[in-house]
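The structure under discussion appears below in the form of structure tokens.
The values are calculated or read from the model by the stated rules, or taken from the named source; none is laboratory data. Quick caveat: nothing in here was measured; it's all calculated off a predicted structure. Ideal geometry is used to build each Cβ from the backbone, glycine not excepted, and the neighbour counts take in all protein chains shown.
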Amino acid sequence: MAHVKKCNGVVMLAALIVAMAMVFSSCHAEDYCHAIVPCSDETCTYYCQKNNYKNFQTYCKKGRHYPICCCRVPDE
């Protein structure tokens, strides 16, 4: 009987992990990045608007040779 209870606990834990993965994957956002010099809030905003991204957030990250401007666009 103890073995059955242990197996039920493992199954419930696995189901919880799968459910959490489904919820968090639906909240995922896509990042679109391109090397832009100079990388600033102004240039990144212009880049994102030029590419018709909606509801974006901008950020710069270090690239190999040049800074990279990224537009984070939430999935709908």
**OP:** Could you check how many residues of the stretch 35-76 are assigned to a loop (DSSP other than H, G, I, E, B) and among the aromatic types (Phe, Trp, Tyr)?
**Re:** 3
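Here is a yes/no grid of residues against (1) over 18 Å from the mean Cα position of the chain (by Cα); (2) among the aliphatic types (A, V, I, L, M); (3) modelled with pLDDT under 95; (4) exposed (fewer than 13 other Cβ atoms within 10 Å of the Cβ):
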position: Met22; (1), (2), (3), (4): no, yes, yes, yes
position: Cys27; (1), (2), (3), (4): no, no, yes, yes
position: Pro38; (1), (2), (3), (4): yes, no, yes, yes
position: Thr43; (1), (2), (3), (4): yes, no, yes, no
position: Tyr53; (1), (2), (3), (4): no, no, yes, no
position: Phe56; (1), (2), (3), (4): no, no, yes, no
position: Tyr66; (1), (2), (3), (4): yes, no, yes, no
position: Glu76; (1), (2), (3), (4): no, no, yes, yes
